[in-house]
Each structure stands twice: as C-alpha cells, then as structure tokens.
Amino acid sequence: MRRVLRLCAAVAAVTLAGCSGGGGQPEESAAEPSPAATPSAPPTAAAPAETPARPDPAAARAAAEMPSENPVPTSEASIRAGRGVYAKICRACHGLQGEGDGPSAPPGTMPANLVDEEWVHGSTDPEIFMNIKYGIEPYEAMEPWGQQLSDEDLWHTVNFLRDLAANAP
C-alpha cells in the first residue's frame, strides 16, 4: 500500500512540476524514490481523479436487511432528538405538523401526511426507518437521508413521528 501511495505521489509531483513551469524537474524529497520514478521504469500517466459516486439508493435498499424492531426506546429524550432532526430535515416538505403541507416540497410532488391513518410506503417502525434512510422513488420527492444521518438519529425521528401522530388533532 505504501508503495502505491509513493507511486501516486511521484506521478503527481512530476505532473504538477511540468504544468507549473517548474522546468519538468520534481522537487527533491527525503522519501525513498519509488521504483516507478527510476529511469528504468516506463513513464506512467496519472489517472484522472474520480469523484466518489453517490450510492444507488434502490440498490442499497435491496441489499439492506429490514430491522426487526426499533432498537431505540421511546422516551422524552428520544422524541426531543427526533424533533430536532425533523425540524432541520423534514419539516420543509412534510410541514410543521407533519401533514404534508410544507412550503419547500419539490414542484409536482405531494409529501406524505405523516399523521393520518394511511401510510402507503409502510407503517411499521422498521419500514418508516427504511424509507427515511433509503428514500422513496422518485428520489427527487423523498431523498435518502442515510448518508447524512446516523441510524440512531433516524430511529429518534421515527419515535418523534409516532409521538406527533399520537398527538395530532
């Protein structure tokens, strides 16, 4: 692994020196020269830097195992933590009271009412957790939040949603 890192560093140094007007001469360094930087090695081109691809939510959902139950007990602290997540992440689309009437829902979408009796995409705690974590197609309408939030935060949000629905008018 260190040899690969040294090779990458040497190639990058040669490439940058050539681009920055450094006369094509890399700066001297205290590190041992890598085998690829010696005159006997053929020249190598630096691979273009790739940006990490966003995980495919449908594939992630398919590969994920449905939790059997909510591992976070419902408590005032859990509901408070879930309320904070909801306020930052969910309220803009689902509305202050969870009725699906938020002002920032993407055009042409109808966010779910989270306090009524009908839950089209599943109503158990694990199903709600999976919907928040992996999103619901089309992902422009309900994007996945599993990369931004911890599982514990997601479970707190589920507990808050249960409390919100229980106290809905």
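Computed from the coordinates by the stated procedures, all read-outs in this text should not be read as laboratory data. For clarity, every value in this text was computed on a predicted model and none was experimentally measured. All Cβ positions, even for glycine, are placed from backbone atoms using ideal geometry, and neighbour counts span all protein chains on display.
Computed over the Cα atoms of segment 57-166, what is the ratio Rg over Rh, Rh following Kirkwood?
Values: Rg = 12.9 Å, Rh = 13.9 Å.
Rounded to two decimals, Rg/Rh equals 0.93.
Among 119-128, 159-168, how do they line up by average Cβ neighbours within 10 Å per residue, starting with the highest? Walk me through the numbers before you get to the answer.
Values: 119-128: 14.7, 159-168: 17.0.
Put in order of decreasing packing, that is 159-168, 119-128.
Taking the beta-carbon count within 10 Å as an exposure proxy, list 88, 133 from fewest neighbours to most.
Values: 88 10, 133 20.
Going from least to most buried by this count: 88, 133.
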